1. Mind computing the radius of gyration and Dmax over the alpha-carbon atoms of the protein assembly as shown? Å is fine for both.
2. Determine, for B:LEU43, A:LEU80, the number of other Cβ atoms within 10 Å of each Cβ, and report the residues in order from fewest to most.
3. Can you tell me which of B:ASN31, B:ASN70, B:ASN56 moves the most in a GNM of chain B? Springs connect C-alpha atoms under 10 Å apart.
4. Could you identify which residue out of A:ALA17, A:ALA60, A:ALA84 has the top mean-square fluctuation in a GNM of chain A using Cα springs shorter than 10 Å?
5. What list of ³J(HN,Hα) values in whole Hz, one per residue of the stretch B:106-114 in order, does the Karplus curve 6.51 cos²θ - 1.76 cosθ + 1.60 (θ = phi - 60°) give from phi, with Gly and Pro shown as x?
6. Consider all pairwise Cα distances in chain A and report the whole-number % of them above 19 Å.
7. Taking other Cβ within 10 Å of each residue's Cβ, how do B:ASP1, A:ASP11, A:ASP82, A:ASP67 sort, fewest first?
8. What nm distance separates the two modelled labels at A:SER28 and B:SER7, each placed 7 Å from Cα along Cα→Cβ?
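Bear in mind that the values in this text are calculations on the coordinates, not laboratory data. All values derive from a computational prediction rather than experimental measurement. With ideal geometry, Cβ positions are generated from the backbone for all residues, glycine too; neighbour counts draw on all protein chains shown.
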Amino acid sequence: DAKTTQPTSMDCAEGRAANLPCNHSTISGNEYVYWYRQIHSQGPQYIIHGLKNNETNEMASLIITEDRKSSTLILPHATLRDTAVYYCIVHDPSGTASKLTFGTGTRLQVTL
Amino acid sequence: DAEITQSPRHKITETGRQVTLACHQTWNHNNMFWYRQDLGHGLRLIHYSYGVHDTNKGEVSDGYSVSRSNTEDLPLTLESAASSQTSVYFCASSEFGTGSEKLFFGSGTQLSVL
């Protein structure tokens, strides 16, 4: 799987949009971009994933650049409960390669 | 509701003892995984299974073993616990062949080896 680069930490004011960037310049054609988050002391939680097109669900939006070398996870109205470590993962889910590799992620601190 | 549960939540043991951490999922998922998480590190894959009687080594498998006798359970065994195995352990499961790797994680087991 291709490697990803994320900032170590970010701050965001409550109620504002949190934009978390991820660089994956060596991504290959079959690889998806996945985002998970881990709230303190809990197991990681799936947020969203995408291949080429932008995606949106009830939790967040995922914007993938046209060349697919980077992406941004957007939490439209961050709350204190969104304080967590966010992991960007690039992975090809085809065949039996189901195992994801987690890096160290971005620690997002949402403040009042 | 379907879920994935780990037990115990906390465990203290002594060096050299055998320890087994339980993981049980009711999603009927084919794939199950064990990760460990240490301060300053991301999650590291220990072992994984793609189905009954299938087991595979991850990146940090030394000192650990798993067995898959049914779909629901993937117990993780530390054959002879070492202080370096003090960590938080997470179990996860996913459905094979769906085209998306949506992992469902348990709440974790905090293991201390003294």
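1. Here Rg and the maximum Cα pair distance are 17.7, 53 Å.
2. With the sparsest Cβ surroundings first, the list reads A:LEU80, B:LEU43.
3. Looking only at B:ASN31, B:ASN70, B:ASN56, the largest GNM fluctuation is found for B:ASN70.
4. A:ALA17
5. For the stretch B:106-114, the Karplus-derived couplings read x, 7, x, 10, 8, 10, 10, 10, 9 Hz, x marking Gly and Pro.
6. Of all Cα-Cα distances in chain A, 41 percent exceed 19 Å.
7. Listing B:ASP1, A:ASP11, A:ASP82, A:ASP67 from fewest to most nearby Cβ atoms yields B:ASP1, A:ASP67, A:ASP11, A:ASP82.
8. The modelled label-to-label distance comes out at 4.2 nm.
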